[in-house]
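As C-alpha cells, the structure follows; a few thoughts come after it.
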Amino acid sequence: MSHYQELAREAWRSGEYRAGGQQPGEGRDLSGRALRDFLRSKMEWIVAREALDPAAPRTAAQEGRMKLAQYVKFREEKFGGVLFETKSEKVFTLSQTGAAIVREIVAGGAESEVLGRLKDRFQDKAGSLEADAKAYISDLKSKGLVTE
C-alpha cells in the first residue's frame, strides 16, 4: 500500500482531513461530518469518472464524445500545460492555446461542442480558430492522445 493510500485510509477512519492548496469554497470551511460528506462526494465523482469500462457499449449520449486516451494525463502550468502519456512515458508541452483546447476536451463533449465552447470563450477576428483547433485536435488524435 502506498503512503498516499495509508494517509487516505487514516483520514477516513479518524475523520480528520488536512489538504493544502484548496481553492476558496472547496471545503475549506467545513469540518467533521460535513467535510467527510464533501470529500466522499468528490471521491465518488472521481471513481465514477475513472471507472468507465472502455469495452462497455456506448450510449447515444457518449457517441462522438472526445476524451483523453486511457494513459494520458493533463496538467496545467503557467506556460500552458503538459500532457503525460504514461504508458510510453512521453511528455508533450502545450502552449496556452493548446492547453485551452485540451481543457475543453477534458470538460467533455463532441468535437463540435468543444469548438463551440472555444468560439464562445475566445475572440476570433481572423476567423481561423475553428480550422486551427480542428487541425490541433486531429494531431492529438493521430498521436493517440485523444479518443472518441
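Name the pairs: first residue in the range 132-148 and assigned to a helix (DSSP H, G or I), second residue hydroxyl-bearing (Ser, Thr, Tyr), Cβ to Cβ under 9 Å, at least 6 apart or on different chains?
Here the result reads ASP132/THR97; ALA133/THR97; TYR136/THR97; LYS141/THR147, each pair linking the range 132-148 to a residue that is hydroxyl-bearing (Ser, Thr, Tyr).
Residues checked against (1) modelled with pLDDT under 85; (2) outside any loop (DSSP other than H, G, I, E, B):
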{"site": "ALA56", "(1), (2)": "yes, no"}
{"site": "GLN70", "(1), (2)": "no, no"}
{"site": "PHE74", "(1), (2)": "no, yes"}
{"site": "ALA99", "(1), (2)": "no, yes"}
{"site": "VAL106", "(1), (2)": "no, yes"}
{"site": "GLY116", "(1), (2)": "no, yes"}
{"site": "GLY127", "(1), (2)": "yes, no"}
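The values are calculated or read from the model by the stated rules, or taken from the named source; none is laboratory data. If you're wondering where the values come from, they're calculated on a predicted model, not measured in any experiment. Positions of Cβ are backbone-derived with ideal geometry, glycine not excepted, and every protein chain shown enters the neighbour counts.
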